[in-house]
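Report on the following structure.
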Amino acid sequence: MEAKRLAAEKAVTYLQNDMIVGLGTGSTTFWAIKKIGERVQEGLNIKAVASSEHSETLARQLNIPIVAFNEIRNIDVTIDGADEVDKNFNLIKGGGGALLREKILVYHSKQFIVVVDSSKLVVHLGKYPLPIEIVPFASNLTLSRLKTLGCESVIRKNDDKLFKTDNGNLIADCHFNKILDPQSLDQQLRSIPGVVETGLFHHNLVTIVIAAYGDGKVNVMTKVSG
Ligand code: 5RP
């Protein structure tokens with residue numbers, strides 16, 4: 001928890017007056033939203049858009065001004081967590097089920113700051129089951145197609161009830177074990193009718209990864225070009 005807080009709070013130091021800020025979802029982003037709330041109280045003048053109803057509620061409780069998506073043209077910076085980060089900055093996201101809205105935010109953001117504790121840093125993606133948002137219609141057929149791409153998938157549940165995303169869809173958690181080519185897998189998955197979005201985030205979307213360690217060290221990493 002301490003490492004998540006340290007990474008998240010470091011990301012908040014990048015915020016400046018008049019920015020439109022994208023708020024991610026999850027237990028690491030929670031600390032970023034809390035810190036943004038403190039800075040707003042101290043006078044930071046930003047507006048925010050949220051990737052989930054949960055994050056929006058939290059932001060409103062902390063008096064962070066929320067702006068409607070239709071009132072903005074783009075987002076200056078989005079801060080969000082990840083479930084895995086590979087050495088090229090490709091990500092698996094969606095552990096909290098907000099991957100579609102998160103990807104929309106990040107796509108429209110000039111900068112994307114990923115905040116993680118060091119346990120999320122991996123050589124290859126795939127140990128963490130890849131969340132895939134699918135429509136409920138004919139979901140068994142969609143799952144059988146996912147299987148042909150090499151994964152065992154399980155429909156996510158909350159206790160005994162099907163987990164529903166903020167968009168009313170289901171999440172298939174797909175066990176690949178090792179994902180060697182995230183980009184091509186993402187394309188293959190998204191070509192299946194019924195798949196709305198995947199939790200694979202291409203490294204081109206990522207500006208900075210901030211990883212914090214148990215000993216309090218915080219590592220700010222930018223991509224090595226070439
Ligand atoms: C939610 C996400 C989260 O950012 C991801 O699951 C990491 O969560 P946490 O910060 O709780 O470890 O993608 O959809």
Original post:
Most exposed first by the Cβ proxy, i.e. fewest other Cβ within 10 Å, how do 58, 23 rank?
Top reply: 58, 23
**OP:** With +1 on each Lys and Arg Cβ and -1 on each Asp and Glu Cβ, and nothing else charged, work out how big the dipole of the chain is about its Cα centre, in Debye to the nearest 20.
**Re:** 200 debye
Original post:
Could you put 162, 170 in order, starting from the residue whose Cβ has the fewest other Cβ atoms within 10 Å?
Top reply: 162, 170
Subject >> Neighbour-count ranking [beta-carbon atoms within 10 angstrom, fewest first] of 64, 92, 192 >> reply: 192, 64, 92
Original post:
If we count trypsin sites (Lys or Arg not before Pro) as exposed when they sit in a DSSP loop and have at most 14 other beta carbons within 10 Å, what is the longest stretch of the chain that avoids them all?
Top reply: 88-163
Subject >> Unit charges on C-beta of K, R, D, E only; dipole of the range 90-215, Debye >> reply: 200 debye
Subject >> Charge dipole magnitude, Cβ of K and R +1, D and E -1 - the range 174-226, Cα centre, debye nearest 20 >> reply: 80 debye
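Read the figures in this text as sums done on the coordinates, not as results from a lab. These numbers were taken from a predicted model, which means no experiment stands behind them. In this analysis, Cβ positions are derived from the backbone assuming ideal geometry, glycine residues included, and neighbour counts consider all displayed protein chains.
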